[in-house]
Structures are given as structure tokens and as C-alpha cells.
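In what follows, a single structure is set out as C-alpha cells and then discussed.
The values are calculated or read from the model by the stated rules, or taken from the named source; none is laboratory data. No experiment lies behind these values; they were computed from the predicted model shown. Because the Cβ atoms are built from the backbone with ideal geometry, glycine has one as well, and the counts that use them run over all protein chains shown. Calculation scope for accessible area: heavy atoms of the full protein, side chains included, ligands and nucleic acids excluded. Shrake-Rupley method; radii C 1.70, N 1.55, O 1.52, S 1.80 Å.
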Amino acid sequence: MFARPHFRSLIPTGALAAVCALLAGCGQPATSAAPAAAQSTQARPSAQATPHAAGRFTKPLAVGNPMFPLVPGTEFTYHGTIVEGGETKEHSVVFTVTDLVKTVGHVRTVVAWDRDFREGRLQEQELAFFAQDDQGNVWNFGEYPEEYDNGKFTGAPSTWIRGVAGAYGGMHMLSQPTTGMHYQEGLIPAIQFDDVSLISSTGQTNCIAGRCYHQVLVVDETSPNDPASGHQIKYYAPGTGLIRVGARGGDTQEFLTLVSVRHLSQAELAKARAEALAMDQRAYQVSQVYRTTKPAEPGRG
């Protein structure tokens with residue numbers, strides 16, 4: 001989601017179970033209690049993001065974290081490039097916060113519709129599910145990413161749902177990020193997905209297209225067990241969310257900047273809702289993992 005690379009772990013199959021055992025909630029159904037922060041298979045800095053043990057999802061749909069606000073009907077558009085195999089191509093992402101709700105385990109989640117275009121052609125579109133706990137941390141609860149080739153749907157092999165087939169959905173955004181803190185965004189053994197984030201700095205000023213953002217948070221995402229994937233660097237601004245994506249190293253590098261944030265009209269929101277619901281219905285035919293969930297439904301205004 002947000003054009004995050006689907007990092008592929010190099011952990012041997014037998015070792016995955018051991019790694020999974022280190023993660024609270026890994027392989028367990030999602031509950032209303034906030035899952036514990038994950039630990040990595042590699043050494044980490046001393047600062048670790050750990051939510052309060054009493055944290056719960058009393059109002060999971062009220063995602064008001066200033067660094068990742070999810071207001072129904074908001075559409076974010078990003079333009080940039082992607083470099084792969086020495087070739088640079090035009091790249092854009094449109095991220096829409098729908099008014100749909102999907103229950104994962106026992107937690108109601110916000111449904112986001114994310115479209116990824118390569119040289120103007122749809123490359124991938126996905127439904128992503130988020131919920132905010134009572135401490136203000138935003139959590140990942142699953143993704144249904146459809147892949148396309150020359151505009152034709154080819155499948156959704158990287159689908160995952162938290163608590164199903166050993167999938168661990170970690171924190172997407174901390175309530176109180178501090179430089180040096182690290183946390184697991186996700187570890188999904190079935191698709192060898194491994195994503196670890198490090199707060200590399202806070203309080204930056206970033207100017208994009210003539211607008212300056214202050215108190216910017218910089219997050220460094222890596223796949224510890226796949227060094228070839230490099231680093232994806234994300235920049236978040238208070239009150240807006242993701243404003244920029246950069247890269248350091250890796251065999252594929254993605255660069256994006258926020259070019260617009262707008263609020264959809266009622267007609268536009270209805271269209272986005274219909275598109276997302278069509279994906280949700282199609283997912284039950286495509287993915288066995290997805291069939292463990294209840295259908296998405298309107299529920300946010």
C-alpha cells in the first residue's frame with residue numbers, strides 16, 4: 001500500500017515459524033486488543049515502539065493520527081518515477097479513502113483504495129485495511145492487491161489478512177514517533193513479506209512544488225532478510241500524511257511526490273465506493289485467504 005514494495009523475505013521456510021513465534025498475534029485471529037510490537041530476526045537499535053498493553057480498538061474507524069489521517073472521501077495523488085533494471089518509467093499513485101468498513105477478526109477497519117499506474121497504465125490496485133487503537137497507533141490489517149498486465153487482471157497472489165495463515169499485521173504509524181524507534185509493519189510468511197520501519201528523523205522541513213511542510217517525519221522501510229530490496233524512505237507531514245517517497249539502494253527504486261489532495265464530491269465518492277465493492281466481491285472468487293473476512297459495507301460518513 002502507498003506503493004510500498006512487496007519485499008520478499010529470504011528466511012528459510014523452517015525458520016519462518018520461529019520468527020513468527022516472536023511476534024505477538026502472529027497466526028492468531030485479530031482481536032480488539034492492540035497486538036504487541038514485533039521483534040526482528042536481526043539486531044535493532046535500543047529504542048523499540050511498544051504500544052500499551054491495555055491498548056484497545058474502541059473507535060478503530062476514527063483514524064485521526066496527524067501523520068496518517070484517513071478522512072472518508074479524501075484522494076491523494078502522487079507523481080514520480082520508478083527505476084528498474086536501469087530503466088526509468090513514469091509512475092503515479094492515487095490513494096482514496098473510501099467510506100467503506102471491513103471487519104477483520106473482531107476489529108472494524110477503514111477501507112482504502114490504492115491504484116498504481118506505470119506510464120499511465122494500471123499496474124496494480126489494492127484494497128488496504130487500517131484501524132487506529134486507543135493509543136493513537138494505526139495498524140495494518142490486510143491487503144488485497146490485484147495485479148495487471150497490459151491492462152488485464154492477472155490475479156492477486158500477495159493477498160494477506162491479519163491472523164490468517166500466520167500473517168502478522170503490524171503498526172503503520174506510531175502515535176508518538178521518536179527518532180531511533182523501530183517497528184514491524186508486517187511479516188507474512190505465506191507470501192514472504194517482511195517490512196520493518198525505523199524513524200530516522202523528526203522535525204524536518206520539506207518543500208514540494210512550492211509548498212513547505214514543517215515537522216516532517218522520515219521513516220526508513222527495509223526488508224531485513226532481503227538486502228537487495230534496499231531502503232524505501234517515506235516523508236509524512238502533520239495534518240496531511242504521506243508527502244514524498246524516496247529510495248536508497250535496491251534493485252528497484254521508486255520516487256513519488258504528493259501533487260494534490262482533494263475531497264471527492266458525493267458522486268465521485270459513490271463511484272469510488274462502487275469500484276472498491278466490486279474488488280471486494282471479486283476477491284472472494286480469487287483468494288481463499290480473503291474468504292475468512294466478512295464483505296465490506298458502507299459505514300463511514
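Here is a check on your reading of the model: is Arg291 open to solvent by 40 Å² or more (accessible area, probe 1.4 Å), free of Cβ contacts under 8 Å to residues at least 24 places away in the same chain and over 17 Å from Thr98 (Cβ atoms)?
yes
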* Is it true that some residue in segment 225-234 is among the β-branched types (Val, Ile, Thr), touching a Ser or Thr at 6+ places or on another chain (Cβ under 8 Å) and either within 15 Å of Val97 (Cα to Cα) or part of a loop (DSSP other than H, G, I, E, B) (or both)? -> no
* Asked: Would you pick out the residues in segment 222-233 that are buried (at least 22 other Cβ atoms within 10 Å of the Cβ) and modelled with pLDDT of 90 or more?
  -> Thr222, Gln232
* Considering each residue of segment 168-190, count those that are farther than 19 Å from Asp133 by Cα and in contact with a strand residue (DSSP E or B) (Cβ under 6 Å, 6 or more places away or on another chain), and give that number. => 3
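Looking at this structure, is Asp195 surrounded by 17 or more Cβ atoms within 10 Å (Cβ to Cβ) and either small (Gly, Ala, Ser) or in contact with a His (Cβ under 7 Å, 6 or more places away or on another chain) (or both)?
Against the criterion (surrounded by 17 or more Cβ atoms within 10 Å (Cβ to Cβ) and either small (Gly, Ala, Ser) or in contact with a His (Cβ under 7 Å, 6 or more places away or on another chain) (or both)), Asp195 does not qualify.
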* Asked: Just for segment 131-152: of the residues that are free of Cβ contacts under 8 Å to residues at least 40 places away in the same chain and either surrounded by 17 or more Cβ atoms within 10 Å (Cβ to Cβ) or aromatic (Phe, Trp, Tyr) (or both), which one is farthest from Ala283 (Cα to Cα)?
  -> Tyr148
* **Pair list, Cβ under 8 Å, 6 or more apart: segment 207-230 residue on the phi > 0 side of the Ramachandran plot, other residue assigned to a loop (DSSP other than H, G, I, E, B)** => Gln215/Pro238; Gly230/Gly249; Gly230/Gly250; Gly230/Asp251
* Tally the residues that are open to solvent by 10 Å² or more (accessible area, probe 1.4 Å) and among the charged types (D, E, K, R), restricting the search to segment 164-185. => 0
* Asked: When residues of segment 129-147 are filtered for being closer than 14 Å to Val63 by Cα and either out of contact with any His (no Cβ under 8 Å at 6 or more places or on another chain) or not in a loop (DSSP other than H, G, I, E, B) (or both), how many remain?
  -> 12
* Asked: Does segment 252-267 hold any residues that are touching a residue at least 24 places away in the same chain (Cβ under 8 Å) and either of a type in the set (A, V, I, L, M) or farther than 18 Å from Val110 by Cβ (or both), and which are they?
  -> Thr252, Gln253, Glu254, Phe255, Leu256, Thr257, Leu258, Val259, Ser260, Val261, Arg262, Leu264
* Does Arg121 satisfy being basic (Lys, Arg) and within 22 Å of Leu277 (Cβ to Cβ)? -> no
* Given the structure, is Gly250 in a loop (DSSP other than H, G, I, E, B) and either more than 28 Å from Lys89 (Cα to Cα) or open to solvent by 20 Å² or more (accessible area, probe 1.4 Å) (or both)? -> yes
* Asked: What do you reckon, is Leu242 within 17 Å of Leu70 (Cβ to Cβ), surrounded by 19 or more Cβ atoms within 10 Å (Cβ to Cβ) and in contact with a Ser or Thr (Cβ under 9 Å, 6 or more places away or on another chain)?
  -> no
* Which residue, of Ile161, Ile188, is surrounded by 24 or more Cβ atoms within 10 Å (Cβ to Cβ) and at pLDDT 95 or above? -> Ile161
* Since Leu217 meets every condition but one in (1) assigned to a strand (DSSP E or B); (2) modelled with pLDDT of 95 or more; (3) out of contact with any Ser or Thr (no Cβ under 7 Å at 6 or more places or on another chain), which condition does it not meet? -> (3)
